[in-house]
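Below is one structure, written out as structure tokens, with a few remarks after it.
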Amino acid sequence: MKITTLTTMFSRWFSNAADIPDSIRITAPMLVSLGVFYSLGFTSAGISGLITAWLLGVQARNLPYLKRLQILSISIIVTVVATYLAFLVFSNMWLSAITLCSIAILYGLMSNQRPHIRLFGYNFGFIYIMAIHFASVGDSLTIVLMANVFAGFCVMLSSLMLWPFFKGRILHQHTVTVHNALADWLNELRLSNNEAQLAARRQFFYQSAHNLAYYSNSVSSSKRALQIKIELQRLLEMSEYIICLEQVLSFDIHATTRIKLFEWIEKSAQQLKNKQQITATFATNEYNNTVYIIDIIENFKRCYNFDTFSSPDNSKNIYLFTNDSEAFISDFRLALKFNSKEWRHAGKIAVTLAVTQFLTEFYHLPQGYWISLTAFIVLLTSSMAVTNHRIWSRFSGTSLGGIYCFICLYFVPPQYFLLLTSISVFFSFTSYHKERYDIHVFWLTSMIVFAISLLSPDNTYVSFYRIIDTLFGVTIAFSVNYFIAPSWTMTWLDRHTASMIKSQILYVAVLNKPQWEQKINLYQSQQRYYSLNGEVMNLLKEPNLSPRTSKDWLSLLVLIQRLNDALLLATKLGIQSDKPQSTTRWINQLQWIKQTFPDRCKHGEMPPFYTETKIAPIPDDMLCALIEKDIQQLIAWMMYQRAFVV
């Protein structure tokens, strides 16, 4: 076997060197919690602390330090409440089952929240199930509660101990990353006309901007935080002009104009990279549509060289500047709507956990709580495709991990179980960064089996029981997911698409309105596009998806993104066409698409075009031509979806 092949296999199982410090941050509190209570003779409490430290440590990933302090403080309270509640109701089987199903419903309704908020419900359910088991075998509430609180404070210490030393450095690193991402994105315009590469550059910039906005919350000085947000708002404004340049280059502009524009982009990207004022000039010529290019360039230069925002207009930018409380309330209201996907997901989890609890109680299964935990874990997301992937990864990772544990338990003396647990914990969270769920589950299974083996060192069959419990858990989750409460992504796509088209209609309707009103519609349109994009990405993971269907939805994403970019160009430059009826026609065309979309694959006549909605010739004006072309492509996509009439 080639060395490169071995290196590739090795890299799939282990993390990059840059991820190891965060892995150690998660690993250390887990091992300390286990070691302290194990040495005191409270092995069950040590295992409880190990799991609590795991859940809270993962929740603190990728958060700024001030946000970690807030989240972990709340998480410790959640841990105490979940533990106390489990010991309070464990003696009543029906009450404990009802409580568990209620937690499942609450978690399902939170499935559309930001990851660290969603994990509150996940951690509450996980700790509750574990505590129910500890209570049922007669462990002391006081000791288990002390172990969980101790683990929580250990996680807080490991997560915040470097705050005074790395806060400024991390913030500076994020600022440089955003700045360089913007310069690279601008430079990519002259190097490639590949939409996928440009989209990747754009995505990296916005992800970096999101990280910077989030880390700005960790700045203790409100004045400094405001400066960071002002600078970030400036870069976001510049990014909108880069999108405008993308649109210009997609148009059939004169070859000489294109060459001169490439020269300006090259010089400006270099000056931007070096944090110099942009002095590059774009030579004018007599060709049509040059005035648009000049306006974009001058606004881009003015935004970077001269403009100073008195205060960042961030109140409506829902991605970067909305705080957690506002986002939570907004998302929870959406989840509470009748027939929402979150309600369906909540019901699915509740039914699954009710079945697992019934089987555990009816058959008196040893360590049967792992069945409920397995089902709870694999139903983390509402997407059928992602859940299906997690089910199979969970089973394969657990099976391989169980075989590995069985071999170790058979040949390794009991006094080394604590060492094996420590090794498994470390590798579990170095592989966690890879997002290879099956590999993570392999090490996680070994960690849990070795930890439980500390309770009964002579029971070498604990790994075998673990595999059986996982098999039951994934089978029940699979059955509920497919036969009782299926939630195929395709059933929700039409709703997201209709919402996206509606936002485009509203966007067109305010093109002649003040700039701030256009900005609001821009942010709303972006929000709905990202929601649609996420659903389409989930669709691509579903089994038995035809290549035609996947290509169709990916192409629809591209067409909608093009139209949104063209409307952004109109927002920046204003409609200068001599045809005032253009916006009315565009609105009618988009309304026809929205009305027709749900029935696009059915036989029969489509809703008729109105006179002013009929497809018009592409105008000479570049801005109107781009919007007209994008809408016509959407209409053509609709026609392509029509069923063939026999």
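The values are calculated or read from the model by the stated rules, or taken from the named source; none is laboratory data. Owing to the predicted nature of the structure, the values given are computational and were not obtained by experimental measurement. Methodologically, a virtual Cβ is constructed for each residue, glycine included, from the backbone with ideal geometry; neighbour enumeration extends over all protein chains shown. All accessible areas refer to the heavy atoms of the entire protein, side chains included, with ligands and DNA or RNA removed. Shrake-Rupley method; radii C 1.70, N 1.55, O 1.52, S 1.80 Å.
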**Prompt:** For the subset of segment 462-481 comprising residues that are open to solvent by 50 Å² or more (accessible area, probe 1.4 Å) and in contact (Cβ under 8 Å) with a residue 12 or more places away in the chain, which member is farthest from residue 353 (Cα to Cα)?
**Reply:** 464
**Request:** Report yes if residue 239 is modelled with pLDDT of 90 or more and closer than 24 Å to residue 272 by Cα, otherwise no.
**Result:** yes
**Item:** Output for segment 218-233, where each listed residue is within 15 Å of residue 169 (Cα to Cα), surrounded by 15 or more Cβ atoms within 10 Å (Cβ to Cβ) and not hydroxyl-bearing (Ser, Thr, Tyr)
**Value:** 219, 225, 228
**Fill in**
Those residues of segment 604-640 which are polar (S, T, N, Q) and modelled with pLDDT under 80 amount to 611, 613
**Asked** Which of the residues belonging to segment 31-42 are open to solvent by 20 Å² or more (accessible area, probe 1.4 Å) and assigned to a helix (DSSP H, G or I)?
**Response** 31, 32, 35, 36, 38, 39
**Message:** Can you go through 490, 537, 500 and tell me which one is at pLDDT 85 or above and either open to solvent by 20 Å² or more (accessible area, probe 1.4 Å) or over 23 Å from the mean Cα position of the chain (by Cα) (or both)?
**Reply:** 537
**Message:** Can you confirm whether residue 394 is out of contact with any Gly (no Cβ under 6 Å at 6 or more places or on another chain) and open to solvent by 20 Å² or more (accessible area, probe 1.4 Å)?
**Reply:** no
**Request:** Specify the residue that is surrounded by the fewest Cβ atoms within 10 Å (Cβ to Cβ); the eligible residues are those in segment 540-556 that are at pLDDT below 85 and among the charged types (D, E, K, R).
**Result:** 541
**So residue 226, is it part of a helix (DSSP H, G or I) and touching a Leu at 6+ places or on another chain (Cβ under 8 Å)** = no
**Request:** Considering each of 454, 444, 420 in turn, give the residue that is closer than 19 Å to residue 376 by Cα, hydrophobic (A, V, I, L, M, F, W, C) and touching a helix residue (DSSP H, G or I) at 6+ places or on another chain (Cβ under 9 Å).
**Result:** 444
**Prompt:** For residues in segment 356-387 being out of contact with any Ser or Thr (no Cβ under 7 Å at 6 or more places or on another chain) and in a loop (DSSP other than H, G, I, E, B), which is modelled with the highest pLDDT?
**Reply:** 364
**Asked** Here are some residues: 512, 459. Which one is without any contact (Cβ under 8 Å) to a residue 40 or more places away in the chain, over 27 Å from residue 549 (Cα atoms) and out of contact with any Asp or Glu (no Cβ under 7 Å at 6 or more places or on another chain)?
**Response** 459
**Request:** Please name all residue pairs, on different chains or six or more residues apart, with Cβ atoms under 7 Å, provided the first residue is in segment 396-410 and is in contact (Cβ under 8 Å) with a residue 40 or more places away in the chain and aromatic (Phe, Trp, Tyr) and the second residue is open to solvent by less than 10 Å² (accessible area, probe 1.4 Å) and assigned to a helix (DSSP H, G or I).
**Result:** 404/446; 406/463
**Prompt:** Would you call residue 17 at pLDDT 90 or above and of a type in the set (Gly, Ala, Ser)?
**Reply:** no
**Item:** Single residue of 573, 563, 559, 568 found to be modelled with pLDDT of 85 or more, farther than 20 Å from residue 637 by Cα, open to solvent by less than 40 Å² (accessible area, probe 1.4 Å) and hydrophobic (A, V, I, L, M, F, W, C)
**Value:** 568
**Message:** Being modelled with pLDDT of 90 or more, buried (at least 24 other Cβ atoms within 10 Å of the Cβ) and either under 17 Å from residue 418 (Cα atoms) or of a type outside the set (Ser, Thr, Tyr) (or both) is true for just one of 53, 28. Which residue is that?
**Reply:** 53
**Request:** State the number of residues belonging to segment 339-355 that are among the β-branched types (Val, Ile, Thr) and open to solvent by 30 Å² or more (accessible area, probe 1.4 Å).
**Result:** 2
**Positions within segment 118-134 being open to solvent by 30 Å² or more (accessible area, probe 1.4 Å) and under 19 Å from residue 89 (Cα atoms), in sequence order** = 124, 132, 133
**Asked** Would you say residue 522 is under 30 Å from residue 342 (Cα atoms), open to solvent by less than 50 Å² (accessible area, probe 1.4 Å) and in contact (Cβ under 8 Å) with a residue 40 or more places away in the chain?
**Response** yes
**Item:** Residues of segment 185-202 that turn out to be touching a residue at least 24 places away in the same chain (Cβ under 8 Å) and part of a loop (DSSP other than H, G, I, E, B), as a count
**Value:** 1
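One line per residue, one yes/no per condition, for (1) at pLDDT 90 or above; (2) polar (S, T, N, Q); (3) in a loop (DSSP other than H, G, I, E, B); (4) open to solvent by 50 Å² or more (accessible area, probe 1.4 Å):
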{"position": "258", "(1), (2), (3), (4)": "no, no, no, yes"}
{"position": "269", "(1), (2), (3), (4)": "yes, no, no, no"}
{"position": "277", "(1), (2), (3), (4)": "no, yes, yes, yes"}
{"position": "280", "(1), (2), (3), (4)": "no, no, yes, no"}
{"position": "292", "(1), (2), (3), (4)": "no, no, no, no"}
{"position": "295", "(1), (2), (3), (4)": "no, no, no, yes"}
{"position": "321", "(1), (2), (3), (4)": "no, no, yes, no"}
**Counted residues, segment 163-217 - those being buried (at least 17 other Cβ atoms within 10 Å of the Cβ), farther than 25 Å from residue 66 by Cα and not hydrophobic (A, V, I, L, M, F, W, C)** = 5
**Evaluation of residue 442 against (1) buried (at least 24 other Cβ atoms within 10 Å of the Cβ); (2) more than 27 Å from the chain's Cα centre (by Cα) (one fails), failing number** = (2)
**Request:** Check segment 221-243 and report whether any residue there is more than 28 Å from the chain's Cα centre (by Cα) and at positive phi.
**Result:** no
